[in-house]
2 protein chains.
Amino acid sequence: MTDTPSDTDNAVPDVSVMLCFSLYSAAHAFTQLYRPLLDKLGLTYPQYLVMVTLWKRDGQNVKELGRTLFLDSSTLTPLLKRLDAGGLITRTRNPKDEREVIIRLTEKGHALKTHAADVMRCIEEAVGMDAEAIQAIKASVDTIRDKIK
Amino acid sequence: MTDTPSDTDNAVPDVSVMLCFSLYSAAHAFTQLYRPLLDKLGLTYPQYLVMVTLWKRDGQNVKELGRTLFLDSSTLTPLLKRLDAGGLITRTRNPKDEREVIIRLTEKGHALKTHAADVMRCIEEAVGMDAEAIQAIKASVDTIRDKIK
DNA sequence: CTCAATTAAATCGCACACAATCCATTTGCA
DNA sequence: TGCAAATGGATTGTGTGCGATTTAATTGAG
């Protein structure tokens, strides 16, 4: 029996060497970074992602939003209800196909886009890397995500 | 008014160009990849991270686990209670400092380590990249996480 | 034309995350 | 020594995520 300090087992990988943990903890760190900024807009981070998606293209249904964000209706429906309750969006059935629910920005929801520009600037500043370096990392991460999806 | 297809606003960034979204979606993709493998062990992904940490070094308190995993007691306490209920760990106050709760693997918790090796092999195979490429990406992601922490 | 298969949302149950707060123990300084 | 500050966990409340199931609308094969 070798007596190592604090019972360390060197045959077992630490979480710190696992790529999945890097992504897990980095994603959480970003959520934390966004939180104080988004608090001012009354949004959570996933709600912000939905708003960004709608600012880009208004009038999408739940399925389309889900394809973009990799989320399904069991996550989106309650989230969208909260945005609705906050007066940022409306949810109406598509008359052409009553199965679909079309999400549309309200005036208030549209107006919030102005403040979002500040948020993005703050994030860029916090990351503090040039656009090329960021895009290179992003491309690598996307490659892995698409491989395991 | 330019009439673009589907009301697309090109002045707004899509989530697909945001690094934070890449990390967010890649982290979720990993959780999905792990799920069927961990289901066989009766673990969730965060529970697995705790077990990996304990397999590496047994007998840590909640604070230490939290520092490693970037989680606090409000997340860890309920999670550890579930591992306790599942017979994988024990939770006992430190007699030297009654504020601390020491987490120790049970026989059953220790035994699970054997199966974990299979899990890791499956994950590596699914990612399908050489160790060097993975470590390069991991290093970049860690750099960003540490910058924004 | 009809009814079974498919599709889109919603619902339910469980397990994270995390801010805010509370409680018990320990520490440290006046 | 005594007591306020600090520390480690636990608790509460809100908001995701997601598997499994349900409901309603549409589609398509016979």
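Remarks
- Residue pairs whose Cβ atoms lie under 9 Å apart, separated by 6 or more positions or on different chains, with the first residue in segment A:68-84 and among the polar types (S, T, N, Q) and the second near DNA strand D (Cβ under 6 Å from one of its atoms) and in a helix (DSSP H, G or I), are A:Thr75/A:Pro46.
- Among residues of segment B:44-67, those that are in contact (Cβ under 8 Å) with a residue 12 or more places away in the chain and more than 7 Å from DNA strand C (Cβ to nearest atom), counted: 15
- For segment B:1-77, the helices (runs of 4 or more DSSP H) that sit wholly inside it and include 2 or more residues that are facing chain A (nearest Cβ under 7 Å), under 26 Å from B:Asn94 (Cβ atoms) and over 13 Å from the mean Cα position of the chain (by Cα) are B:45-56.
For every residue, the table says whether it meets (1) in contact with a His (Cβ under 8 Å, 6 or more places away or on another chain); (2) hydroxyl-bearing (Ser, Thr, Tyr).
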site	(1), (2)
B:Thr31	no, yes
B:Tyr45	no, yes
B:Thr53	no, yes
B:Gln60	no, no
B:Arg67	no, no
B:Phe70	yes, no
B:Glu98	no, no
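- Any hit, segment B:4-25, residues being near DNA strand C (Cβ under 9 Å from one of its atoms) and of a type in the set (A, V, I, L, M, F, W, C): no
- Total residues in segment A:52-61, condition surrounded by fewer than 18 Cβ atoms within 10 Å (Cβ to Cβ) and in contact with a helix residue (DSSP H, G or I) (Cβ under 7 Å, 6 or more places away or on another chain): 1
Read the figures in this text as sums done on the coordinates, not as results from a lab. Note that the coordinates shown come from a computational prediction; the quantities given were computed from them, not determined experimentally. Every residue, glycine as well, gets a Cβ built from its backbone with ideal geometry; the counts of neighbours run over all protein chains shown.
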